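Trainee: Handing you a structure now.
No lab work stands behind these numbers, since they all come straight from the coordinates. Note that the structure is a prediction, hence the values are computed from the model and not measured. Heads up, the Cβs are rebuilt from the backbone with ideal geometry, glycines too, and the neighbour counts pull from every protein chain shown.
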Amino acid sequence: MLSAVRLISEAADLAARRHNGMARKGRGNEPYINHLAEVANLLATATDGGDAELVAAGWLHDVIEDTETTREELAQKFSERIASLVVECTDDMNLPKAERRRRQVVDAPKKSAGAKLIKIADKISNVGARIHSDPTAEERDDLVDYTGWAEQVVAGCRGGNPWLDQKFDDAVRTARASL
């Protein structure tokens, strides 16, 4: 198996290559890789750098959902745990958005401890990306809608890391104050 630094570096490299050219929702044309870096950094901070596989999975959490990458490829290149964490965080993009959202809420409490942490970090990043200094009506509606739904998902993920739980609460508070 790769050393912790190599594992995270290889995951970041694969994530950057596979998401090349993709833009993030919420912040203009911000490169998508910024979201993945933020999620990985939140996980590294939450675990004080003690779980390299979790941080690597944070880099890769959207790679199956958004690209042609397979679970098998991730298991072979990284580890079975990383592949499993990424699969746990992957939505079925063949389903309508409303159903994907419903499933995230219902499935959140059933996820592994690591997948719950990734979900919380993902929601922190996505709420933050929707905060604008002078939001349009559409941006305001999106922030209210996303934040309300994210709270439902995170409710089923809480308890594994008090720092991450607090960061989510802070993000929601900041979002509501910006409205």
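Trainee: Can you give me the long-range amide H partners of Ala23? Hydrogens built in the peptide plane at 1.01 Å from N, cutoff under 5 Å, separation of 5 or more residues or another chain.
Mentor: Tyr32
Trainee: Another question, then. Under a GNM of the chain (C-alpha, springs under 10 Å), which listed residue has the highest mean-square fluctuation: Gly156, Gly50, Gly114?
Mentor: Looking only at Gly156, Gly50, Gly114, the largest GNM fluctuation is found for Gly50.
Trainee: Note the full-extension length gain between Arg17 and Glu80 as 0.36 nm times their separation in residues minus their Cα-Cα distance, in nm to one decimal. Working shown, then result.
Mentor: On the way: separation 63, 0.36 × 63 = 22.68 nm, distance 2.12 nm.
Length gained between Arg17 and Glu80: 20.6 nm.
Trainee: Run the quick spin-label model on Lys25 and Met93: label points 7 Å from Cα toward the beta carbon, then report their separation in nm to one decimal.
Mentor: 1.2 nm
Trainee: Tell me the Kirkwood radius of region 1-57: reciprocal of the mean inverse pair distance over distinct alpha-carbon atoms, in Å. Don't jump to the answer; show the numbers that get you there.
Mentor: Numbers: mean 1/r = 0.0845 Å⁻¹.
That comes to 11.8 Å for region 1-57.
Trainee: To test your reading of the geometry: what angle, between 0 and 90 degrees and rounded to tens, separates the Cα axis of helix 162-177 from the longest principal axis of the chain?
Mentor: 30 degrees
Trainee: Taking 0.36 nm per residue of separation and subtracting the Cα-Cα distance, what length does fully extending Arg158 through Glu68 add?
Mentor: Once the chain is fully extended between Arg158 and Glu68, it gains 29.3 nm.
Trainee: Could you tell me the calculated FRET efficiency between Ser178 and Thr45, based on Cβ-Cβ distance and R0 = 35 angstrom, to the nearest 0.05?
Mentor: Details: r = 23 Å, r/R0 = 0.66.
With R0 = 35 Å, the Cβ-Cβ based efficiency is 0.90.
Trainee: Moving on to the next point. Calculate, in nm to one decimal, what Asn34 and Ser3 gain on full extension: separation in residues at 0.36 nm each, minus their alpha carbon distance.
Mentor: The span from Asn34 to Ser3 would gain 8.8 nm if fully extended.
Trainee: Quick one: how many lysine pairs in region 4-177 have C-alpha atoms under 18 angstrom apart, if they're 8 or more apart or on different chains?
Mentor: Here the count comes out as 12.
Trainee: Now for a different question. Show me, for region 100-109, the HN-Hα J-couplings you get by feeding each phi into the Karplus relation (A = 6.51, B = -1.76, C = 1.60, θ = phi - 60°), rounded to Hz, glycine and proline as x.
Mentor: Those phi angles translate into 4, 5, 4, 5, 4, 5, 5, 7, 3, x Hz.
Trainee: Which value, in debye to the nearest 20, gives the size of the charge dipole of the chain about its Cα centre, when Lys and Arg are +1 and Asp and Glu are -1 at the Cβ?
Mentor: Values: 25 positive and 30 negative charges, 56 e Å.
With Lys and Arg at +1 and Asp and Glu at -1, about 260 debye.
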